[in-house]
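Enquirer: Provided herewith is a single structure, encoded as structure tokens, for subsequent inquiry.
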Amino acid sequence: MSGIDPDAVTVDAPARLQLAARGHSCQVRLRQASPELLELVSSMGLRDVLPE
């Protein structure tokens, strides 16, 4: 998700996708995410939900 200013909506979309993916024994991973997005994910307590 590079090139996107991280905010709650930016984190909400992949978090919801992760919930759906887990229902199908799949996993969403953040690749090449900006440090700002990773920091926001961590501060929202979602580091375990949205791994790098």
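The values are calculated or read from the model by the stated rules, or taken from the named source; none is laboratory data. Only a predicted model underlies this, so the values are computations on that prediction, with no experimental measurement involved. Note: ideal-geometry Cβ built from the backbone for every residue, glycine included; neighbour counts use all protein chains shown.
Enquirer: On the given criteria, is Ala15 assigned to a loop (DSSP other than H, G, I, E, B) and touching a residue at least 24 places away in the same chain (Cβ under 8 Å)?
Expert: In short, no.
Enquirer: Let me ask you something else. So, in segment 17-52, how many residues would count as being among the β-branched types (Val, Ile, Thr) and under 15 Å from Pro6 (Cβ atoms)?
Expert: Qualifying residue count for the region: 1.
Enquirer: Quick one: which of Gln27, Gln18, Gln32 is of a type outside the set (Val, Ile, Thr) and touching a Leu at 6+ places or on another chain (Cβ under 7 Å)?
Expert: Going through Gln27, Gln18, Gln32 in turn, the sole match is Gln18.
Enquirer: Another one. Which residues, taken from segment 31-50, are in contact (Cβ under 8 Å) with a residue 24 or more places away in the chain and in a loop (DSSP other than H, G, I, E, B)?
Expert: Residues satisfying the conditions are Gln32, Ala33, Ser34, Met44, Leu46, Val49, Leu50.
Enquirer: Which of the residues that make up segment 1-31 are modelled with pLDDT under 90, loosely packed, with under 14 Cβ neighbours inside 10 Å and polar (S, T, N, Q)?
Expert: Ser2
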